[in-house]
Amino acid sequence: MAWGFDISTEAAAERFWPAATHTTVALARAAGEARVGPKRQAARERIVVLCADLKRAAGDGEGALVGAIAGSLGAFVARAELDEQALDVIAGHLEALRAVVSHTIAGSGGTIGRAIMAGLEASVARHAPADRTPAA
């Protein structure tokens, strides 16, 4: 989804939150498909693309926390073996994303944002995804 706007303007920021809500729903749908063996790879690719789009649209201003969560989720999914533990990490990211978007937590989110990111980073570290990067 190429959003075609820069969130740095007030008008664009007003459009960002509904678009972020829509993307969060699409991410949840793709995460559900990641639970189904034959759809797993397509779901992985969709999650990575959606996260990259959301992170890019979020920028580093009003949508910074949304972008940070999306970036963390996209990086994790790109590397993780999609087992049950990884699906739990994905679910945690989606829960955080839903909360931030539904409560329109702007910027980095302050203390709440730091706590959310610390929790997500800890869950990613506990899973220690396999390196899926192709050998050079």
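Sites listed here are trypsin sites (Lys or Arg not before Pro) in segment 8-117 whose DSSP assignment is loop and whose Cβ has at most 14 other Cβ atoms within 10 Å: Arg35.
Restricting the GluC sites (Glu not before Pro) of segment 28-136 to loop positions (DSSP other than H, G, I, E, B) with no more than 15 neighbouring Cβ atoms within 10 Å leaves Glu81.
Shown for segment 40-101: the carbon plus sulfur share of the solvent-accessible area, taken with all protein chains present and a 1.4 angstrom probe, equals 52%. With N counted as the residues of segment 35-136, its alpha-carbon radius of gyration over 2.2 N^0.38 Å works out to 1.07.
The values are calculated or read from the model by the stated rules, or taken from the named source; none is laboratory data. What you are looking at is a predicted structure, and each value in this text was computed from that prediction instead of being measured. Quick reminder, even Gly has a Cβ in these numbers, built from the backbone with ideal geometry, and neighbours come from all protein chains shown. The accessibility values were calculated without ligands, DNA or RNA, using every heavy atom of the protein model including side chains. Shrake-Rupley method; radii C 1.70, N 1.55, O 1.52, S 1.80 Å.
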